[in-house]
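Report on one structure; see the data block that follows.
All of the numbers you see were taken from the coordinates with simple rules; none came from a lab. Everything numeric in this text was worked out from a predicted model, so none of it was measured. Cβ: placed from backbone, ideal geometry, glycine included. Neighbour counts: every protein chain shown.
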Amino acid sequence: MSLLTARPSSAAFAVEDPCFLDVDEHPDWQGQFGNSQPIKLEIGFGMGDFLIEMAKREPQSNFVGIDFSQDGVRKLLARINNLHLNNVRVVYGDVREKIPLLFHYDELNTVYINFPDPWPRKRHFKRRLVKPGLVNLIARKLAPEGHVYLATDSGPYAREMLEYFNAEPLLQNKNPELGVLENRDYLPKTKYEKSFIYAGDQIHYLEYSRLASKGQIEKEVSSVKEETCGLKGAEEETISNDERLIKKFQDDEAKAKDACDLKQIGDNLVYAGDRQWAEKVYKKAEDSAEDSLDLNWLAYSVSEALGDKDWAKKLYNQAEDRAESSLDLNWLAFSITETLGDKEWAKKLYKKAESDPQNIRELCDLADSISETFADKVWQTQVYKKAEGMAKGHSEFYELADSIYAKLGDEEWARELYKKAEDTAEDSSDLHSLVESLCVKLGDQEWARKVYLKAASLAQDSNDFFGLADSLCEKLRDQEWARKLYERAEEKAVESFEFRWLADSLCEKLDDKEWAKKLYEKAEDKAQVYYEFLWLAKSLNENLADEKWANEVNQKAKNLSPYPQL
C-alpha cells in the first residue's frame with residue numbers, strides 16, 4: 001500500500017497551551033521567548049522528533065514549528081511540556097499562508113524542511129510544498145548568512161528543489177560542486193529518516209545560505225575545490241589502500257553522531273572482514289540507541305552479520321520495551337520472524353500493534369505483515385475492517401480500497417470503499433486518481449465515465465484539464481473528449497511549465513506536433529529562469545527532434561544559470 005498523503009485543511013483549530021500560537025499577525029518574538037536569540041523555523045515537523053532534538057541541543061536558539069496535522073500539533077505540545085522546553089512555539093496551518101504573517105524580512109536565522117510530501121504525479125503538482133514562490137518567500141525572510149536545510153527520499157523531487165533553489169538569486173548552494181549531498185552528520189535524524197537509512201534507501205540533502213555578494217560565493221566555491229583537491233592528493237601520496245580504509249573507519253567512528261551511524265559502520269566492518277571491531281561498534285550503537293527502531297535494526301545486524309542470536313534477542317526485548325507505536329511493533333514482529341523465526345513472539349507483538357493504531361496506514365501495513373507471516377486471511381480481514389472504521393477522508397477510503405482489492409481480491413468490498421472515496425473527494429485530482437482504479441481494477445468504464453464528468457466539472461487549472469485528457473486517452477481511448485479538455489487546458493495555462501507539459505502530452509497522446517509546437521513557443525515566451533529553458537530544450541529534442549531550436553533554448557539556459565558548472 002502506498003503511503004497516505006496529507007494536505008492543508010481550512011478547518012479552524014486551536015489549543016489552550018502557552019507554546020501554541022494562534023495569531024494572524026507578526027508576534028512579539030522577544031516577548032514570546034523572553035530574549036532576542038536567533039529564530040529557527042521547521043516547516044512540516046511531522047512527529048516533532050527533529051524539532052525537539054534541535055531545541056534540546058541548542059537552548060540558546062528559539063524554534064518555531066509549523067504543520068497542518070492537528071494530531072501532530074497536539075503530540076508535539078505534549079512532548080514540549082513533558083520536557084519543559086521553553087524555546088519552542090507551535091503553529092497550526094498552511095506554511096505558505098503563515099510565514100508572511102509570522103516573520104518580517106531578514107528575521108529568520110534558519111529554515112528546515114525535512115521530507116516534504118513529493119506528490120510525484122503531475123496532476124498533484126499544485127500540492128507540492130517546495131515551489132518557486134515558497135523558495136523566494138523563504139529567501140526574503142532569511143537574515144543575511146541565514147541557512148536553509150532540506151531532505152527528501154525522492155530523487156526527482158530533490159532535483160526539482162535543486163533547480164528552484166539554485167535559481168533564487170538571494171541564495172547560494174553551500175556545495176555547488178555536488179548540488180545534492182549524501183549526508184549531513186551535523187543535524188539530528190528523524191525516526192522517519194532513520195527508517196530509510198536502515199532500509200538502505202538513498203536520502204538527498206540540500207543546504208543553502210543567504211550570502212551578501214557574488215564575490216564571496218565564488219571565493220567559497222574556489223576554497224572548497226582547493227581544499228578537496230589538496231586533501232585528496234596528500235592522502236594518495238602518503239598511505240596505502242589498506243591504511244586508507246582503516247583510517248576511514250576510524251574517522252567514521254569518531255564522527256558518528258548516533259546509533260544509526262554506528263550501526264552502518266559496524267555493518268561495513270563486517271563486510272570488510274573485521275568482526276571483532278564490528279562487535280565493539282555494535283556495542284557502542286546499543287549504548288547510543290534512542291528508540292525501538294535503532295534497537296530493532298541493530299538486532300537484525302547482530303543476528304545476521306555476527307550470527308549472535310542471544311544478543312539479538314536481548315536487543316529485541318529492549319526494542320519492545322521502547323516501542324511507541326503500532327508501526328514500531330509491526331516492524332519488530334516482522335524482524336523477529338525473519339531473524340529468530342519466533343512466530344509466537346511475533347503474534348503477541350502483532351496483537352499489541354492492532355490494539356492501538358494511530359492511523360489506517362498502520363493497520364493496512366499490519367494486515368499485510370500478518371498475511372505474509374501467518375497467511376491468516378481471517379485475521380487480515382479483521383484488521384482491514386478496523387481500518388475501514390477509522391477511515392474518514394478520500395485518500396483513506398481510496399487507498400484502503402486499492403489495498404483490499406490487491407491483497408484480498410475482494411472486488412465487492414473494494415467497490416463499496418471506492419464509492420465512499422468518490423463521495424468524500426475534495427477536488428478534480430481526487431476523482432482523477434479514483435477513476436484510474438475504476439478502469440484498471442474494476443474494469444467499470446460506465447462508472448469511470450461518470451467520475452470523469454464530475455472531475456471535469458471540478459477542474460480549475462491547466463494541470464487538472466490536461467491530466468484528465470491524458471487519462472481519457474489512456475483509459476477510455478476517447479480522443480475527441482480529450483481534445484476538448486486539452487483546449488480548456490491551453491485556455492487556463494499561465495506558466496511556462498504548463499504550456500510545456502501540455503505540449504508534451506499532445507505529442508505523446510495525440511501525436512499533434514503542430515499544436516505542440518505552438519505551445520512550446522508560448523512556453524519559451526513565458527520562461528524566465530534557467531531551468532525552465534533547460535527543461536524546454538529537453539522537450540524540443542525528445543518530442544520534436546528540433547536540434548537547432550533546442551540548442552538555442554539551451555543557450556538561453558546557460559546564460560541565466562547561476563552555476564555554469566551545474
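Structure values in brief
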item: Relative contact order of the range 391-458, defined on C-alpha pairs under 8 angstrom at six or more residues apart (%); result: 30
item: Helix-derived mean residue ellipticity, 222 nm - over the chain, DSSP H n ≥ 4, -39500 (n - 2.57), to 500; result: -19000 deg cm²/dmol
item: Local electrostatic count at L519 - Lys and Arg +1, Asp and Glu -1, tallied over other residues with Cβ under 11 Å; result: -2
item: Relative contact order (%) - the chain, alpha-carbon pairs under 8 angstrom, separation at least six; result: 8
item: Gain upon complete extension [Q250, R121; 0.36 nm per residue less C-alpha separation]; result: 42.1 nm
item: Projected label distance in nm at R128 and N81, using a 7 Å step from Cα toward the beta-carbon; result: 3.9
item: Theoretical FRET efficiency, 1/(1+(r/R0)^6), r = Cβ-Cβ of E416 and E324, R0 45 Å, to 0.05; result: 0.85
item: Lysines with Cα under 21 Å of K509, excluding same-chain neighbours fewer than 8 positions away; result: K122, K475, K484, K492, K517, K518, K522, K538
item: Cα-projected label distance for A406 with V23, points at 7 Å along beta-carbon direction, nm; result: 4.5
item: Residue-count net charge about L544 - beta-carbon cut-off 9 Å; Lys, Arg +1, Asp, Glu -1; result: 0
item: Within straight-line cross-link reach of K283, lysines at Cα separation under 23 Å, skipping those fewer than 8 residues along the same chain; result: K189, K191, K194, K247, K248, K255, K257, K263, K309, K313, K314
item: Rounded to the nearest 20 debye, dipole of the chain from Cβ charges on Lys, Arg, Asp, Glu; result: 420
item: Those lysines that a straight Cα-Cα span of less than 18 Å connects to K351, excepting residues fewer than 8 apart in one chain; result: K343, K377, K385, K386
item: Gain in span if fully extended, D242 to E372, counting 0.36 nm per residue against the direct Cα distance; result: 42.5 nm
